[in-house]
Structures are given as structure tokens and as C-alpha cells.
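Reading through the C-alpha cells given below for one structure.
What follows is calculated from the coordinates using simple rules that are stated; it is not laboratory data. All of these numbers come straight from a predicted model, not from anything done at the bench. Virtual Cβ from ideal backbone geometry, glycine too; neighbours counted across all protein chains shown.
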Amino acid sequence: MSLVVPLEEIFANKTGLLANHQSWQRVELGAVCRILNGFAFKSSRFNNDKGFPIIRIRDLSKGTAETLYDGDFPPDYIVDSGDLLIGMDGNFACWEWSGGKAGLNQRVCKIIPSEESICRKFVFYGLNGYLMAIQDATSSVTVGHLSSLDILKIPFPLPPLNEQRRIVAKLEDVLTRVDASQQRLAKIPVILKRFRQAVLAAACSGRLTSDWREENPSAFVEKQAVDESLPDIPESWKWVKFGQLTTMFRSGSTEVPVNETTSFPILRSSSVRIGSVDFSDVRYLSDQQSTNPANFIQDFDLLFTRLSGSLEYVANCGLVRGLSGKKLQYPDRLFCARLKDQSTAPYLEICFGSPVLREFITISSKSSAGHQRISMGAITEQPIPYPPLPEQQEIVRRVESFFTLADQLEARYRKAKTHVDKLTQSILAKAFRGELVPQDPNDEPAAVLLERIRKQKQSVPQVSKKIDAQKKSIAKEH
């Protein structure tokens with residue numbers, strides 16, 4: 001299938017990743033590379049137990065083949081680590097294969113550079129800019145299919161061979177450091193998540209405010225009997241079942257939302273995450289459906305996810321705050337708790353986000369019909385570590401302080417990640433503008449290299465005819 005947008009139009013703007021130094025030549029990629037299109041393996045012989053691994057499009061990003069083929073195919077279709085592969089459907093990209101020997105399946109092609117004319121790594125680093133341009137230019141006008149003939153016609157930059165090698169060596173060095181930075185950055189969200197969990201765990205065990213209790217003995221309450229089935233808590237705290245702290249605990253509206261925007265928003269179950277409620281994550285009811293006042297939430301209500309497709313999102317608890325007169329209903333996939341004492345709500349939200357309580361509650365969850373669900377009783381019967389109100393307020397203050405610090409670090413991480421993510425494209429663009437390494441006047445000029453390529457092309461062996469003969473022979477055997 002040919003591209004709807006002509007290549008000349010796609011590559012008219014030779015800037016960024018499509019740039020090249022004025023001393024370089026441009027050549028159709030087919031003059032310095034050949035393409036091996038994948039073999040049409042019979043899907044009836046695909047399996048997971050025996051045979052030779054074959055590379056399907058979905059395997060390219062993973063770097064490993066997950067499907068085996070129990071049958072014969074031409075040996076020329078075996079690729080190895082380091083080979084350059086392109087998926088011809090979906091998102092166009094060139095990948096350096098790392099999964100060892102495997103068969104090349106149809107709709108995946110192998111780029112085979114002529115190493116005496118162009119470095120394999122130079123092709124790898126440069127080609128994705130052109131494939132991205134094709135993707136961007138055609139995504140809105142055609143289905144994502146790429147032809148090997150179109151790839152061969154890409155007007156690829158051709159520096160002197162020695163300069164190519166210098167560029168590749170420099171890119172290998174610089175991009176290795178960029179990759180190391182990305183790997184270090186990738187650890188930060190994990191660290192911040194663990195930090196927040198540690199803060200919540202310390203808050204609900206009494207460790208976070210141990211110094212505060214020493215300075216505020218007047219806040220102590222009467223010591224209660226020790227329950228050995230529950231974790232240790234400070235002597236001044238007590239265990240209270242959550243249901244004892246509520247005046248109302250129920251699920252919401254069973255009405256099915258309408259497919260239009262009305263004046264009657266209703267929260268989605270996804271609006272509630274640990275420690276937050278997103279008022280913008282809503283659907284809508286008709287005016288006839290919105291008649292039950294019990295389904296409206298109020299500030300200082302606690303919402304819980306009752307039903308979810310993932311255990312991670314079951315029994316998430318968020319505090320309703322800042323409604324500012326908004327009238328919002330909640331669905332039957334959420335529970336709503338209204339408290340006897342609203343001043344305890346911020347502390348209770350922290351408790352239900354702590355790892356220990358979440359483990360207690362999710363152990364009680366049930367799985368059915370592809371969903372995880374929690375019962376009303378599992379939450380109302382949950383024992384809560386309950387300090388005196390002044391200490392609750394101090395816990396909330398300290399948790400908010402630590403979380404503000406974590407939020408600031410997360411904002412700096414996102415900024416750094418955005419910068420580092422753009423570095424690779426910036427470095428590649430600089431390389432293909434001829435600015436990453438200096439030009440050497442002793443290099444063989446690109447024009448001379450191009451002329452030699454033209455002469456050599458006339459003597460290239462007819463590899464494709466040999467492969468076609470092998471394909472016909474195997475087809476007869478089957």
C-alpha cells in the first residue's frame with residue numbers, strides 16, 4: 001500500500017531529525033540498504049511450547065519473541081540480536097532487536113545496511129526521525145500501514161563514512177548517559193510512593209507524633225484493655241470500629257447515567273482515589289433521575305470505592321472538601337460515610353490510606369465477574385486506631401507537611417523527566433545537523449562515496465531471487 005501523502009511533501013521540511021549538514025549528500029535509503037520483508041508463517045503452527053521463536057510486531061518493543069513456530073521456513077528469515085527491524089503496521093519505528101535468534105514474521109521487515117557505505121548504527125539513529133515524520137503526516141488520512149518500497153525511497157543523509165563512525169561513537173557515549181539519567185529518574189516515583197506510605201503507616205501507629213505526646217501529656221485518655229489481635233498503639237489511643245463514628249453509611253444511586261450533559265452530575269467510581277475526590281470526574285443524570293436527596297454528598301463526607309476492576313482501587317477513601325455549593329450525587333459503586341464528628345474526618349482519611357488498614361480491608365474483598373468488591377460490613381467493622389482529637393489534628397498537620405514536601409519533589413521530578421525525555425531528540429537532531437562532531441577535511445567526501453555506491457549497486461547479487469525460490473520450495477512441502 002502506497003502512502004496517501006507523497007514522500008516529497010512529508011520530507012519537505014528538512015529540519016530537526018530530518019536535517020543534514022551542507023557538506024553531506026542525500027541518497028535514497030534503498031541505495032545503501034536492502035529490506036527483507038517477513039515470511040508468511042502459518043498461524044496454525046503458532047504455539048507456546050515447541051518450535052522456533054518468531055518475531056511479531058507486538059514483540060518489537062519488548063525485545064523478545066513470545067510465539068513459537070513448529071514448522072520449516074527459509075533460513076534467510078532468521079534474525080539475530082543487533083539486527084534492525086521495522087513494524088509495518090501501527091506505530092512506525094525502527095528497533096534494534098535484542099532477543100537473539102528468531103524468525104522474521106510478515107509485516108515486520110529487516111533493514112540490512114551496506115556496511116561499506118553506511119554504518120548500521122547510523123541508520124538506526126537516523127531512521128526513526130523519518131518514520132516519525134511519515135507517521136505524523138499520514139495518521140489522520142490513512143490506516144497505519146507502511147510499505148517497504150516507501151522505506152527504500154526515504155531521502156537519507158549520507159556523511160563521509162568516517163564521520164558516520166565518529167557520530168555513532170559520540171551518540172553511543174552521550175545517549176548511554178541519558179539512559180542512565182532516565183533510569184535514575186524512574187526510581188523517584190517508587191521512592192516517593194514508599195515515602196508517602198511510610199508517613200501514613202507512622203501516622204496511624206503513633207510513631208509520627210511520639211515526641212508530641214511527650215510534650216502534651218494532658219491529651220492522654222484513660223488506658224484501655226490490650227487487644228492482642230491488633231497492632232500495638234500508644235497507651236493514650238484506643239481502637240474504635242469505624243461504624244461507631246458514623247451517623248450514615250450507604251451506597252449511592254442505582255440510576256444509569258444518560259449520554260448527555262445535564263445539570264445533575266454524578267461522580268464516577270474512578271473519582272475516588274486514596275486521599276482525594278475528583279469533582280470533575282462525573283457523568284450525568286436526567287432531572288427525573290435526580291430526585292433522591294440522600295444521594296447528594298456533603299463536605300466532610302468520606303467516600304469509599306465499593307467496586308472496581310482492580311484490587312488496587314477497592315476501598316479507596318477520599319474526603320469530600322471544597323464543594324462550594326456544588327450539588328453532586330454519588331453512584332452505587334461508592335459508599336458514603338457521614339460522621340458524628342466532622343473534625344475527625346481528615347484523620348480518618350489518613351487512616352484508610354495507611355498500608356496496615358488497607359491490607360486489613362482488602363483481605364476482606366471478594367472477586368466476582370471480573371470485579372473486586374468490598375462489603376459495607378468490612379468497612380464499618382474495621383477497627384480504627386483512634387487518638388485524642390488534639391493529636392489527630394497534629395497528625396494531620398504533620399502528614400500534610402510531609403506530603404507537601406513529596407509533592408514539591410514530584411513536581412521537580414516531572415520537570416526533570418520532561419527535560420531528559422527531550423534530550424535524546426535534541427541530541428539526535430544536533431548529530432544529524434552535523435554539529436555533534438567536527439567535520440574532518442581528510443575524510444573521503446560524501447560525493448565520492450555516493451559515486452562508489454552507484455557503481456557497486458550494479459554488482460549486488462540477486463539475493464531476493466534466492467529467497468523467493470526457497471519460499472516456493474517450502475510452500476510445496478506444506
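Quick look at the values:
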read-out: Gyration tensor (alpha-carbon) shape descriptor, the stretch 178-295, a/c threshold 1.5; value: oblate
read-out: Rel. contact order, % - alpha carbon contacts under 8 angstrom, at least six apart, the stretch 7-157; value: 33
read-out: Around ALA201: net Lys/Arg minus Asp/Glu count, Cβ-Cβ under 12 Å; value: +3
read-out: Descending principal axes extents, the stretch 1-91, alpha-carbon based, whole Å; value: 53, 27, 23
read-out: Built amide H within the under 5 Å cut-off of THR246, gap 5+; value: LYS340
read-out: Radius 14 Å from Cβ of LEU334, net charge of other residues (Lys, Arg +1; Asp, Glu -1); value: +3
read-out: Rounded to whole Hz, the Karplus (6.51, -1.76, 1.60) HN-Hα couplings of the stretch 85-96, x for glycine and proline; value: 10, 10, x, 8, 10, x, 8, 7, 7, 9, 10, 8
read-out: Charge-dipole axis of the stretch 7-157 as Lys and Arg at +1 and Asp and Glu at -1 on Cβ define it, positive-most pick from PHE46, TRP95, VAL79; value: PHE46
read-out: Debye log10 I(q)/I(0) at q = 0.13 Å⁻¹ for the chain, Cα point scatterers; value: -1.12
read-out: Karplus 3J(HN,Hα) series, Hz, for the stretch 179-187 with 6.51 cos²θ - 1.76 cosθ + 1.60 (x for Gly, Pro); value: 4, 5, 5, 5, 5, 5, 4, 4, 7
read-out: Net charge, GLY87 excluded, C-beta distance under 10 Å - Lys, Arg +1, Asp, Glu -1; value: +1
read-out: Tail fraction, Cα-Cα pairs, the stretch 238-386, threshold 20 Å, whole percent; value: 44
read-out: Phi to ³J(HN,Hα) by Karplus 6.51 cos²θ - 1.76 cosθ + 1.60 over the stretch 412-424, Hz, x for Gly, Pro; value: 5, 4, 4, 5, 5, 5, 4, 5, 5, 4, 7, 4, 4
read-out: Placed amide H near PHE156: partners under 5 Å, 5+ positions off or other chain; value: VAL27, GLU28, LEU29
read-out: Low-density loop positions, GluC sites (Glu not before Pro), the stretch 1-85 - DSSP coil, at most 14 other Cβ in 10 Å; value: GLU66
read-out: With eigenvalues of the C-alpha gyration tensor scaled by 5 and rooted, the stretch 7-157, Å; value: 29, 17, 12
read-out: Amide H within-cut-off set for ILE384, under 5 Å, with H built and near neighbours excluded; value: VAL240, LYS241, PHE242
read-out: Rg to Rh quotient for the stretch 229-319, alpha carbon positions, Kirkwood Rh; value: 1.06
read-out: Relative contact order (%) - criterion: Cα under 8 Å, at least six apart; region: the chain; value: 19
